[in-house]
Amino acid sequence: ERGFCAWGKVCHVREKTVLREMWRSLTWRKRSSPPSRLEHGRRDERFEGGRDQRREHASRPLAASPRRSRRDGDERRARSRSRSRDRDGSRKGSPPQEAPMRQQIAWGKQIAGRDATVQSNLRLFETHGRHFNARNLSTTAHRVAKLGTKRKERVMNDSRMRDLAAFCLRRVSDHDTQGLANVAWAFATARVEAPELFDAIAVAALPRLGEFSSQGLANTVWAFATAGVRARELFDAIAAAAPPRLDQFDSQNLANTVWAFATAGVKLPKFFDAIVNSAHPRLGEFNAQELANTVWAFAAIHVRNAKLFRAVAIAAVPKLDEFNSQNLANTVWAFASIGVRAPKLYDAVAIVAAPRPAEFNSPELANTVWAFATAGVRAPELFDAVAAAVLPRLGEFNSQDFANTTWAFATASVRALELFDAVVAAALRRLGEFNS
């Protein structure tokens with residue numbers, strides 16, 4: 001009645017429970033006890049090995065795990081380290097393994113942080129770069145180039161930049177379109193030669209040009225032109241893809257695009273006409289460098305568009321104080337080369353440039369007076385200022401600068417005997433540099 005029972009006498013209350021416990025006990029004893037001779041014989045039938053092998057198998061506990069020696073543990077750890085090296089890409093031909101996303105985010109914050117510097121980013125890449133994903137590689141390249149330009153740190157000869165280019169090349173197919181544009185821009189800005197990387201970017205970008213933003217397209221062609229990498233197929237494809245989207249280009253993108261095509265020597269008049277149609281109503285938005293680069297580009301590849309040039313002349317005059325020496329020289333050179341008359345622009349440039357000849361380098365001085373002489377614009381004060389600036393700097397002039405300067409003074413009928421005497425003396429010492 002109380003549910004109490006002993007072996008051999010089962011109470012009706014606990015019958016099932018006791019039977020179950022007895023069965024478990026018998027089963028446990030059977031498994032833990034040595035096998036009988038009959039069982040041993042049956043096991044012999046399963047194996048073809050010798051007597052010793054059968055004895056070893058018969059005496060092995062069913063549930064026991066094999067013991068491992070210290071040597072086995074060392075070998076296991078060595079195999080684990082080998083697999084880890086394989087995942088990291090230490091072996092030749094295997095790609096490096098990316099770190100988890102949480103770590104990628106942490107590294108990204110370090111790279112783009114306010115306290116980041118060129119050296120801190122390069123040190124971070126040197127330590128962990130093999131585990132960076134494509135986004136962190138492109139961000140590192142972009143930040144290093146941007147900070148280096150702003151702080152005038154030269155990184156073109158830093159071996160870590162070449163390593164960074166190699167890793168960007170490995171992951172070129174993983175970059176999104178912004179990453180491709182940023183990588184190209186970064187290595188062009190930093191003046192780091194990476195022709196294989198640029199070739200791979202061109203191949204990766206071609207089928208995805210529709211995904212590029214307007215700035216991405218402009219930065220990409222600018223980077224290829226600046227790096228001096230020929231990619232005619234890419235330029236042709238961008239010229240075909242860009243016109244329907246030119247209204248999305250801001251003034252800097254428009255100016256950089258035409259400058260890149262001109263620098264690369266890619267002459268596509270229909271594409272330039274489309275840029276004129278987009279830029280002409282918005283020239284008031286262009287800054288000094290953008291105005292100068294635009295007219296320089298058209299003149300450099302001999303695409304004459306008088307409508308654009310006259311509009312640029314009107315837009316440039318009120319902003320001439322913002323033009324640096326290169327912008328002033330390039331603007332008047334472009335107008336003179338293309339043959340568009342703009343007397344008000346020339347007069348304004350003469351007034352602005354005359355007090356500032358010391359800011360001009362030798363090609364800029366030579367091109368400025370050449371442009372005035374070619375356009376037939378008299379500017380005696382400007383010519384006098386240039387003559388005074390040239391005398392102490394004749395050592396900086398190459399043969400082309402000598403020829404342009406003396407031709408300009410002669411054509412403009414400006415008497416500068418002291419300048420001519422100095423140029424003749426310098427030229428006689430360097431006659432080997434002159435072509436026929």
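The values are calculated or read from the model by the stated rules, or taken from the named source; none is laboratory data. As the structure is a prediction and not an experimental result, all values here were calculated from the model. As a convention, Cβ positions derive from the backbone with ideal geometry for all residues, glycine included, and neighbour counts pool all protein chains shown. For the accessible areas, the whole protein counts, side chains as well, though only heavy atoms, and no ligand, DNA or RNA atoms are used. Shrake-Rupley method; radii C 1.70, N 1.55, O 1.52, S 1.80 Å.
Hey, can you tell me all the residues within region 204-221 that are in contact with a Leu (Cβ under 9 Å, 6 or more places away or on another chain) and either free of Cβ contacts under 8 Å to residues at least 24 places away in the same chain or of a type in the set (Val, Ile, Thr) (or both)?
220, 221
Out of the residues in region 333-372 that are part of a loop (DSSP other than H, G, I, E, B) and of a type outside the set (A, V, I, L, M), state the one that is farthest from residue 385 (Cα to Cα).
339
Return the only residue of 390, 369, 424 being among the β-branched types (Val, Ile, Thr) and open to solvent by 40 Å² or more (accessible area, probe 1.4 Å).
Going through 390, 369, 424 in turn, just one is among the β-branched types (Val, Ile, Thr) and open to solvent by 40 Å² or more (accessible area, probe 1.4 Å): 424.
Collect the residues in region 187-200 that are open to solvent by 70 Å² or more (accessible area, probe 1.4 Å) and assigned to a helix (DSSP H, G or I), keeping them in residue-number order.
Matches in region 187-200: 195, 196, 199.
Can residue 293 be described as open to solvent by 50 Å² or more (accessible area, probe 1.4 Å), under 31 Å from the mean Cα position of the chain (by Cα) and under 30 Å from residue 355 (Cβ atoms)?
no
Specify which of the listed residues (432, 395) is over 20 Å from residue 361 (Cβ atoms) and either surrounded by 14 or more Cβ atoms within 10 Å (Cβ to Cβ) or at pLDDT below 95 (or both).
Going through 432, 395 in turn, just one is over 20 Å from residue 361 (Cβ atoms) and either surrounded by 14 or more Cβ atoms within 10 Å (Cβ to Cβ) or at pLDDT below 95 (or both): 432.
Take region 244-269 and flag every residue that is β-branched (Val, Ile, Thr) and open to solvent by 10 Å² or more (accessible area, probe 1.4 Å).
Listed by number, the list holds a single entry, 263.
Residues in region 385-401 that are small (Gly, Ala, Ser) and under 42 Å from the mean Cα position of the chain (by Cα): how many?
3
Return the total of residues in region 138-162 being of a type in the set (S, T, N, Q), assigned to a helix (DSSP H, G or I) and open to solvent by 70 Å² or more (accessible area, probe 1.4 Å).
1
Restricting region 304-327 to residues that are surrounded by 21 or more Cβ atoms within 10 Å (Cβ to Cβ) and more than 31 Å from the chain's Cα centre (by Cα), which is farthest from residue 273 (Cα to Cα)?
Top of the filtered list is 316.
Looking only at region 154-169, decide whether some residue is more than 23 Å from residue 118 (Cα to Cα), of a type in the set (Asp, Glu) and in contact (Cβ under 8 Å) with a residue 12 or more places away in the chain.
For region 154-169, residues more than 23 Å from residue 118 (Cα to Cα), of a type in the set (Asp, Glu) and in contact (Cβ under 8 Å) with a residue 12 or more places away in the chain: absent.
Is one or more of the residues making up region 201-211 crowded, with 19+ Cβ neighbours inside 10 Å and not in a helix (DSSP H, G or I)?
no
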